Amino acid sequence: MSEYSLTLSVNQDAEEILLPVLPEKIEFSEAGNSKTYEISGLGEINFIKNKKLTEISFEGLLPASWFPGASVPRDNTWLPPSHYLITIREWRRRKLPVKLVVNLSAMEISQHVSIEKFTWSESGGAVGDIQYQISFKEYKFYSAKKVQVSEPKKQQAEGTGNNTPANAASNAPPRPDTRIPPKTYTLVAGDSLWKVAKRFLGDGSKYKQIQSLNGIKDSELKKLPVGKVIKLPG
């Protein structure tokens, strides 16, 4: 397995995919947001403002079968291209921020992003191979900050003489928990309903709830297809 890797994950790594083939290049666009003005006597000046959100893009291959150049081992963890397509499309449908992690020889890049564009087509060279293009934009977590405003008259009565908003919250809000309970899950190699129930419901014995919700027969429990999207109890 290569020392290089590229993974995408959501819900604090609860759902993760490892791309089977690394892209030839990854483009990072870090544009500024500066403006220039004409000032009498000074000429043109540049006013530096906060930079724009970083944009990231790359294109790659989702091969139908393993080959020596793949970045994942040749074992039962090999997944078909449909698994990656279904997973990425489902994350976009659920409007989830994605964590992009790129491991290089000398550094690691870890960035939360939103998926801005995802296009794919079947490769003409080999049946079943998928060519794709994907682009992201830097995602910043945020939450509202509550501010209390005192009544001006009350402040004057107390002798403050200050009519500006008071008691503004000084502490930054805690970073929100991004673990959103999923409504669906895409099965991967080695999965069973017991494992899925243990992971998402906290109790493997609750697999019967998932089985009933998805109309899965007892005879199908030992041969669940990889890439199957199942519903999870709310």
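The values are calculated or read from the model by the stated rules, or taken from the named source; none is laboratory data. Bear in mind that the values here come from a model prediction, so they are computed numbers and not experimental data. With ideal geometry, Cβ positions are generated from the backbone for all residues, glycine too; neighbour counts draw on all protein chains shown. Just the protein is used for accessible areas: all its heavy atoms, side chains included, with ligands, DNA and RNA removed. Shrake-Rupley method; radii C 1.70, N 1.55, O 1.52, S 1.80 Å.
Summary of computed values
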read-out: Any hit, region 178-185, residues being modelled with pLDDT of 85 or more and open to solvent by less than 70 Å² (accessible area, probe 1.4 Å); value: yes
read-out: LYS231, sole failed condition from (1) under 21 Å from THR7 (Cα atoms); (2) at pLDDT 80 or above; (3) surrounded by 13 or more Cβ atoms within 10 Å (Cβ to Cβ); (4) within 23 Å of the chain's Cα centre (by Cα); value: (1)
read-out: Where a residue in region 51-76 is assigned to a loop (DSSP other than H, G, I, E, B) and its partner, wherever it lies, is modelled with pLDDT of 90 or more and acidic (Asp, Glu), with Cβ under 7 Å and at least six apart; value: LEU53/GLU138; THR54/GLU138; PRO63/ASP129; ALA64/ASP129
read-out: Pair list, Cβ under 8 Å, 6 or more apart: region 201-223 residue touching a residue at least 24 places away in the same chain (Cβ under 8 Å), other residue of a type outside the set (A, V, I, L, M) and open to solvent by 80 Å² or more (accessible area, probe 1.4 Å); value: LEU201/GLN209
